[in-house]
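Here's the structure we're looking at; comments come further down.
Nothing in this text is a laboratory measurement; each read-out follows from the coordinates by a stated rule. Bear in mind that the values here come from a model prediction, so they are computed numbers and not experimental data. Every residue, glycine as well, gets a Cβ built from its backbone with ideal geometry; the counts of neighbours run over all protein chains shown.
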Amino acid sequence: MQRMAGFSEMRQLICGFSVSAATSAIAELGVADLLSAGPRSVAELAQASGADLSVLRRVMRFLASEGVFEQHEGDVFALNERSQWLKADIPGSLRPRASFVGSALNWTAWSGFLDSVRTGRSALQAASGRTLFDVVKSDPGAAATFNRFMADQTATSVEAILSAISFADVRAFVDVGGGRGALVAGVLRANASLRGTLFDLPEVIVSAGSLLDQAGVADRCRMVGGDFFEAVPSDGDLYALKFVLHDWPDAECIRILQNCARAMAADGRVLVIEHVVPEHGGSHFARFMDMNMLALTAGGRERTQAEFAQLFAAAGLKLRRAFPTPIDIVALECVSV
Ligand SMILES: C[S@@+](CC[C@H](N)C(=O)[O-])C[C@H]1O[C@@H](n2cnc3c(N)ncnc32)[C@H](O)[C@@H]1O
């Protein structure tokens, strides 16, 4: 038979969404945690997770065939190097991401992708007529899913950020668009003399205190609601923008950066923490994130370091240093020109 070069590989790529969907469902059911202590039969997993036995067997066999679990004789399954990252309680857990990927909000957004490519609108807007932040404002269920994902994935990335950057010489840390405060909580917990400000939209700040309480830093962190397109709290000496600029087009990014530059102390710095797209070609998570921004945000995108440097220059800032972290995100430190 004539070899159909590339056919199987292309078909596999087209159907990759099924691995996403199945992994999300399994993550949501907590199967990886149920396998923490060692291999278990699918019958035990179904009973402990409340899943349908026959469907769970098919899904686990499928995921094992895709290299997500190990399958032993008698439909017994075990964690492997990949699926261990679906456990909830390990630093760097990928479970929050898997849960978000399986959410209705995410699938709705990707369903508008073709329209987005045709029209330049965000895929979520094309599919639902609403932006991500419209949905988050008006739909408490979607807001909870999104804010939990942001907080959980930030909590798991704090260790990586702390391992790359020293906060020892910082006096007042301002987390701009800090969501529920996972970053500021982690930074304050690790630096006992630091004071912090968590700044986000008023409707996010209203429900943001618990992470600061859990970290035991609430007495050193004020929470301020507002709009970063208007102004941000003043007098900090380090302003973090983590996964904020990638939500917005260039003009909006420049406004946010200008407001940070205007508000910060004379010796202040802005720390932009993002996935940075490499200049060279080849597979990189930042390129997936760029598609994700296309799906979810109105005009957001991932950028190369050179593109960030242009935004900084337009806001009266200059890039001083770039700190790579162990998890493929980069912290770009800027100061006033
Ligand atoms: C992608 S999330 C990142 C959250 C957090 N920095 C993190 O990394 O987990 C973007 C954040 O920007 C906030 N945000 C959006 N528009 C805003 C505005 N106009 N003013 C202040 N915060 C805003 C959102 O509420 C959200 O918490």
Tell me, 289, 264, 1 in order of fewest to most beta-carbon neighbours within 10 Å?
1, 289, 264
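Taking only the Cα atoms of the range 221-337, how large is their convex hull per residue, in Å³?
Numbers: hull volume 13.3 nm³, N = 117.
Here the figure is 113 Å³ per residue.
What is the Cα radius of gyration of the range 121-274 over 2.2 N^0.38 Å, N being its residue count? List each step's numbers first, then the result.
Details: Rg = 15.2 Å, N = 154, 2.2 N^0.38 = 14.9 Å.
The range 121-274 yields a ratio of 1.02.
Report Rg/Rh for the range 84-170, rounded to two decimals, where Rg is the Cα radius of gyration and Rh the Kirkwood radius. It would help to have the intermediate numbers written out before the result.
On the way: Rg = 16.2 Å, Rh = 14.7 Å.
We get a ratio of 1.10 for the range 84-170.
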Calculated over the range 70-128: convex hull of Cα atoms, volume per residue (Å³):
131
Farthest positive-ward along the chain dipole, Cα basis, beta-carbon charges - from 94, 251, 156:
251
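Evaluate the relative contact order of the range 63-199 (contact order divided by residue number), counting alpha-carbon pairs under 8 angstrom at least 6 apart; express in whole percent. Could you put the intermediate results ahead of the total?
Working: 162 pairs, mean separation 20.5, N = 137.
About 15 percent, as a whole number.
Starting from the exponent 0.38 and prefactor 2.2 Å, build the expected Rg for the range 7-88 from its residue count and divide its actual Cα Rg by it. Before the final figure, lay out the partial values.
Values: Rg = 12.5 Å, N = 82, 2.2 N^0.38 = 11.7 Å.
After normalising by residue count via 2.2 N^0.38 Å, the value is 1.06.
Do you know the relative contact order of the range 128-225, to the nearest whole percent, from alpha carbon pairs under 8 angstrom that are 6+ apart? Mind dumping the intermediate values first?
Numbers: 132 pairs, mean separation 22.6, N = 98.
Once divided by the residue count of the range 128-225, the mean separation gives 23 percent.
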Taking Cα atoms, the helix 285-296 axis meets the longest principal axis of the chain at an angle in degrees (rounded to 10) of 80
Largest first and rounded to whole Å, the semi-axes √(5λ) derived from the alpha carbon gyration tensor of the chain read 37, 24, 19
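Under 8 Å for C-alpha pairs, at least 6 residues apart: give me the relative contact order for the chain, rounded to a whole percent. Walk me through the intermediate numbers first.
Numbers: 600 pairs, mean separation 41.8, N = 337.
About 12 percent, as a whole number.
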